[in-house]
1. Within the stretch 178-192, identify whether any single residue is free of Cβ contacts under 8 Å to residues at least 24 places away in the same chain and over 17 Å from LEU333 (Cα atoms), and answer yes or no.
2. What residue, of ALA291, ALA325, ALA247, ALA320, is crowded, with 21+ Cβ neighbours inside 10 Å, under 29 Å from LEU163 (Cα atoms) and modelled with pLDDT of 90 or more?
3. Report, by residue number, each residue of the stretch 236-246 that is farther than 21 Å from ILE82 by Cβ and in a helix (DSSP H, G or I).
4. Among the residues of the stretch 310-317, are any without any contact (Cβ under 8 Å) to a residue 40 or more places away in the chain and of a type in the set (Asp, Glu)?
5. Specify the residue that is farthest from GLY79 (Cα to Cα); the eligible residues are those in the stretch 98-118 that are modelled with pLDDT under 95 and not in a loop (DSSP other than H, G, I, E, B).
6. Report whether or not ILE93 is within 17 Å of THR65 (Cβ to Cβ), of a type outside the set (Asp, Glu), in a helix (DSSP H, G or I) and modelled with pLDDT of 95 or more.
7. With the requirement that a residue be out of contact with any Pro (no Cβ under 7 Å at 6 or more places or on another chain), under 17 Å from LEU289 (Cα atoms) and either buried (at least 24 other Cβ atoms within 10 Å of the Cβ) or basic (Lys, Arg) (or both), what does the stretch 75-94 give you?
8. Which ones in the stretch 104-117 are over 20 Å from the mean Cα position of the chain (by Cα) and either buried (at least 22 other Cβ atoms within 10 Å of the Cβ) or free of Cβ contacts under 8 Å to residues at least 12 places away in the same chain (or both)?
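The values are calculated or read from the model by the stated rules, or taken from the named source; none is laboratory data. All figures in this text were calculated on a predicted structure; none of them were measured in a lab. No Cβ is skipped: glycine too gets one built from the backbone with ideal geometry, and neighbour counts run over all protein chains shown.
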Amino acid sequence: MIAETHLLLAVRFSSRRRRVIRRHELPVRLDDVAEVSTLHVAELLGSKTEPHLQAGTAVTNSSLTGRTALISGGSRGIGLSIALRLAREGANIALLAKTDTPNPRLPGTVHTAAAEIEAAGGQALAVVGDVRDRAAVSRAVSECVTRFGGIDIVVNNASAINLSGWGDLDPKRFDLMLDVNVRGTFSLVTEALPHLLNSEHAHVLTLSPPLNVARRWLATHAPYTLTKYAMTMLTLGLAEQYRGSLAANCLWPETLIATAAVQNIVGGDEGMRAARSPQIMADAAAVILEAKPGLETGHCHIDSDVLRCSGETDLSGYAAVPGTAESDLELDLFI
C-alpha cells in the first residue's frame, strides 16, 4: 500500500505545487468551499485554524521531566522526532509500533528507535504491536504503566494513507485506513484513559488536520480525508467530554515533511527541497505538550503557527535542504 500510495503522490507532485504563503492572505474562492463554510464549521467545533496559543505567551510552563508519553508508531519520521524531542525534555517514552525488522526502503524499527531515545538520554520502552489489535494496545498500556508508573501523554501518530478515490480504492484498503487512523486512535486513548485521568498533566495529541471542508479534499481522496477528519473529530470530542480533566489537541504540518518515504518514493530530491524537517513537528508538539492542560485544549494547530506564537519567528532552519526559501516549500494536504 505504501508504494502504491506514494507513487500516486509522486504523479501528482508536479501538478499540485502550492507554495507557502501566509494563510490569511489567501483569496476566498466560493467555488472551492462547500455550502457550509470552513470557518463556520470550525467555530461550531471549536477548531479554528488560526493559532490558539497567544503570541508572546509563555505556555511552556510545565516541565516534561518524569512525564510518560505513549506514542503509536514512532519507528521513524515524525513520530520518532517527537519521541526524541520529548525524551530530551526528560520524558519517558513508550513506543507501540509494528516494525520489528528493518525495511531497506524505510529504515528504522521500534528497537532502533528505542535505542536512539536512550542514546539521547531518555528512558524508552519498545512494544511490538499493531494499533489495530486491541490486545496489542492493551499490552502496550499495561507494560508502559508497569515500567513507568503511569501515562501522562498519548500521541496518536500511527496512520495509514492511500489517496485513491471512488472507483479506484479497494474496500480492503479503505478498511485499513479506518482501522489504523480511526479505530487505532480511539482504541489507544480508550485503553490509556483511566491512567490519563490519574495524571495532573494529561495530554492527548493527534496528528490530524483542521476540519477544512474545501471541496478539493473531497474530490480527490474522500476516503482518506474522512479517516483523517474522523481522527480530528474524535480528539475534539475527547477535549469537550473531559474538559478540565485532560487536554486534547490536534497538530498538522503546514508543509510537506521530509521523511525517508518522501525522499525515496514521493518526490526524490525535488520533494525534499520542498519540505521541512520532521523537527518542526517535534518542536511544535513539545510546546503544546508542555502547556498546562487547563490552558490549551480542543484546538487544531499548525506546526508553524505554534512556533511563531511561542516566539520563534525564523523557521528557515527547518528546511530539509538548507537554504530553501519558504516560498519554495510545498503546502501539505488540507492546508
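1. Within the stretch 178-192, the first condition is being free of Cβ contacts under 8 Å to residues at least 24 places away in the same chain, and the residues that meet it are 190.
From what's left, over 17 Å from LEU333 (Cα atoms): 190.
Within the stretch 178-192, one or more residues are free of Cβ contacts under 8 Å to residues at least 24 places away in the same chain and over 17 Å from LEU333 (Cα atoms).
2. After applying the criteria, what remains is ALA320.
3. Those that are farther than 21 Å from ILE82 by Cβ and in a helix (DSSP H, G or I): GLY237, GLU240, GLN241.
4. Within the stretch 310-317, one or more residues are without any contact (Cβ under 8 Å) to a residue 40 or more places away in the chain and of a type in the set (Asp, Glu).
5. ASN103
6. In short, no.
7. Within the stretch 75-94, GLY79, LEU80, ILE82, ALA83, ARG85, LEU86, ARG88, ALA91, ASN92, ILE93, ALA94 qualify.
8. Of everything in the stretch 104-117, those that are over 20 Å from the mean Cα position of the chain (by Cα) and either buried (at least 22 other Cβ atoms within 10 Å of the Cβ) or free of Cβ contacts under 8 Å to residues at least 12 places away in the same chain (or both) turn out to be PRO104, ALA115.
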